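Written below as structure tokens is the structure these notes are about.
Please treat every number below as a calculation from the coordinates, not as lab data. No experiment lies behind these values; they were computed from the predicted model shown. Glycine also receives a Cβ, built like all others from the backbone with ideal geometry; neighbour counts cover every protein chain displayed.
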Amino acid sequence: MKIRGVLFDVDSTLVDSRLAMDLALETIVRELVDFAGRTEDLEKALWKSRQIDLEMHANLQYDRKMWWRRICDELWPGVTLPGDLVENLTLEYWRIVCEKSTLFPDSLETTRSLKNRGYRLGIVTDTDGTPSVKRWRLEKLEIKKWFDIVVIAGEDTPAVKPDPGPFLLAAAKLKLKPEECLMVGDKIATDVRGAKAAGMLAALVRRRESENCAEADFVLECLGDLLRFL
């Protein structure tokens, strides 16, 4: 069946946010160390935060408020973070991510070209853990205007990717059958498997060298490769 709609993930697919997230995490950890009065633990806290980052993402747990509390619980068991501080740290984290993230060089031209060719475009992305933050981040992006629909998995649907629900909702919003949609993302575990579970084709854009490409229907070296076969 002919592809009529193209769905995109956001972080590490359309938006280069990895360095921004690293900077934001380091900023928050420095503030946690200051709050705990343990400046001598900075390097240990930075190492611990990176381990928690990897573990939480692997477990599909995106609520940064949980991250800050866990860092403190594991490093300084006697330190309790006030709720308003946790909230403020989380908002500061996402403010830094939003300010420092950039579109990949091929994102804007690819989506604009697909739209001009008549494809229906959608975003299927996971929640950032704090309601409305991901939608706020998207509104700041110039690229947002080319998309017909946005689905925030974990907010618009009960489950995050790779549950097929977010993908099926996106197809329904575009008024297309799942088999008429192609999902483009950077992760096999969430983007490719979730899309295929929903009955869609899936393309992997190789932003991560460690990803095994075998499960993807298409492998892209850059988003611009889409324009060659669609």
>> Based on alpha-carbon centroids, what's the gap between the range 138-158 and the range 175-199 in Å, whole number please?
In response: 16
>> Can you tell me the convex hull volume per residue for the chain, based on C-alpha atoms, in Å³ to the nearest whole number?
In response: 116
> Based on the Kirkwood radius over alpha-carbon pairs, what is the Stokes-Einstein translational diffusion coefficient of the range 102-147 at 20 °C with 1.002 mPa s viscosity, in µm²/s?
Replying inline: 184
> Taking square-rooted eigenvalues a ≥ b ≥ c of the alpha carbon gyration tensor, is the range 99-181 rounded, prolate or oblate, where a/c under 1.5 means rounded and, failing that, a/b exceeding b/c means prolate?
Replying inline: oblate
>> Please identify the DSSP H helices in the chain that span no less than 15 Å along the helix axis (Cα) and have a mean Kyte-Doolittle hydropathy of 0.5 or more.
In response: 18-36
>> What does the extension gain come out to for L54 and R38, with contour length at 0.36 nm per residue minus their alpha carbon separation?
In response: 3.4 nm
> Which is the longest run of the chain containing none of the trypsin sites (Lys or Arg not before Pro) found in DSSP loop states (not H, G, I, E, B) with at most 13 other C-beta atoms within 10 Å?
Replying inline: 3-116
> Rounded to the nearest 500 deg cm²/dmol, what is the calculated helix-only ellipticity per residue at 222 nm for the chain, with -39500 (n - 2.57) per DSSP H run of length n ≥ 4?
Replying inline: -13500 deg cm²/dmol
>> At a 10 Å Cβ-Cβ cut-off, how would you order T13, T130, fewest neighbours first?
In response: T130, T13
>> Give the lysines whose C-alpha is closer than 28 Å to that of K65, dropping any in the same chain fewer than 8 places away, or say none.
In response: K44, K48, K100, K134, K140, K144, K161, K187
>> Rounded, prolate or oblate for the range 1-128? Axes are the square roots of the Cα gyration tensor eigenvalues, ordered a ≥ b ≥ c, and the cut-off for rounded is a/c under 1.5.
In response: prolate
> So, in Å, what gap is there between the alpha-carbon centers of the range 95-123 and the range 17-62?
Replying inline: 28
> Using every alpha carbon pair in the range 122-230, what percent of pairs falls into each 10 Å bin from 0 up to the bin containing the largest distance?
Replying inline: 15, 45, 37, 3
